[in-house]
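Here, each number is a calculation from the coordinates, and none is a lab measurement. All figures in this text were calculated on a predicted structure; none of them were measured in a lab. Quick reminder, even Gly has a Cβ in these numbers, built from the backbone with ideal geometry, and neighbours come from all protein chains shown.
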Amino acid sequence: MPAQRPEPEPVFAPEVSPAVRRLFARKPELLVPASHPCPARRTAWSEPMSTLGSLLVWIAVCVGVWILALILFAVTFPPEVAAWLAVGLAAIGVASTAVIGVTAGIEPRDRKTARRHHGKYLLAADFDEPAARLMIRAQRAVRTVLGAEVTTRGLLDDMQNELVLPEQLWDLGQVLREQTVLRARQREVAGGMATAELEAVLGPQRRALIRSETAIERKVEALEKYAERVRVADAALRAEEALQDGDRYIELLARTEPVGDSTTVQGLADEVSRLQDTLARSIESARAAGRTLALPAES
């Protein structure tokens, strides 16, 4: 059985709230590709025959229960009390039936949320294979940056990664989606034909698309370069943490090395200083790579 091809994760517009994203994570069946029509408003009354049949069954049950209760009231209570109880029970039945009928006309909250947010997220189905590959690479790079310890510790706070990178993923996704549509459109228009007339029209369009594809490729490479710089900074940070116990090792060696041989002790002390310099340089290098991130202007 062939291995399943990896797919990009859903890409959300910045304005989609965390609560809505959690809803979609719990119920992915609510997600509809942007390339598909917006879901229609659906309530129980969207299928009137089924809903009406259920309502009639409910009314029949209510009437049957009311008749049985009326008989029970008649043999248990005085006529005046039985009459009032019968009227009260009938009122409850009518009110509950009305509530059920009105509720059936209300769209479920989850479906309403999904319908209102259609087009504010992109799914794997919205990308062709070249676009999906680029989006997977970009998402992998963003995960690396956001999951890095130098990010969670705030050492890259000035980059505002938590805000900027998701916005850039969304912008990137929109461009990749448009490229997907235009590539499909070009194949459809060409229809396997090659004529001078078609080339006169499609040639400039194809060249513009290639320029856009090249620019987006550079954008993804810039994201990956930033992620690699952050990974290097993370490694330096972990190495610095490993040297936090350096004083204990120096003390241990001072007690056990031959008198007058302090080369290893001095080496550890020097390594602390070098590693701090390395960490500072790697963090600045990551920041420099991050500052270059910007979607190229479409042309």
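Which ordering of Val65, Val175, Val230 is given by a fewest-first count of other beta-carbon atoms within 10 Å?
Val65, Val175, Val230
Determine, for Cys38, Cys62, the number of other Cβ atoms within 10 Å of each Cβ, and report the residues in order from fewest to most.
Fewest-to-most Cβ neighbours within 10 Å comes out as Cys38, Cys62.
I want to check the label-to-label distance for Ala60 and His36. Put each point 7 Å from Cα in the C-beta direction and report it in nm to one decimal.
Calculated label separation equals 3.6 nm.
What are the ³J(HN,Hα) couplings of segment 80-91, residue after residue, when phi is run through the Karplus curve with 6.51, -1.76, 1.60 and θ = phi - 60°? Round to Hz, x for glycine and proline.
Running phi through 6.51 cos²θ - 1.76 cosθ + 1.60 with θ = phi - 60° gives 5, 5, 4, 5, 5, 5, 5, 5, x, 5, 5, 4 Hz.
If I model a spin label at Glu217 and Val81 as a point 7 Å from the Cα along the Cα→Cβ vector, what separation in nanometres do I get?
It works out to 9.0 nm between the two label points.
Report the extension gain between His118 and Glu224 in nm, rounded to one decimal, defined as 0.36 nm multiplied by the number of residues separating them, less their alpha carbon distance.
Extra length from His118 to Glu224 when fully extended: 35.2 nm.
Between Ser96 and Ala288, how high is the FRET efficiency from 1/(1 + (r/R0)^6) when r is the Cβ-Cβ distance and R₀ = 51 Å? Nearest 0.05.
For Ser96 and Ala288, the calculated efficiency is 0.15.
For the residues Leu279, Leu165, what sequence is obtained by ranking on other C-beta atoms within 10 Å, fewest first?
Ranked by crowding around the Cβ, least crowded first: Leu279, Leu165.
With a point put 7 Å past each Cα toward its Cβ, work out how far Arg206 is from Ala13 in nm, to one decimal.
Between Arg206 and Ala13, the simple spin-label model gives 3.5 nm.
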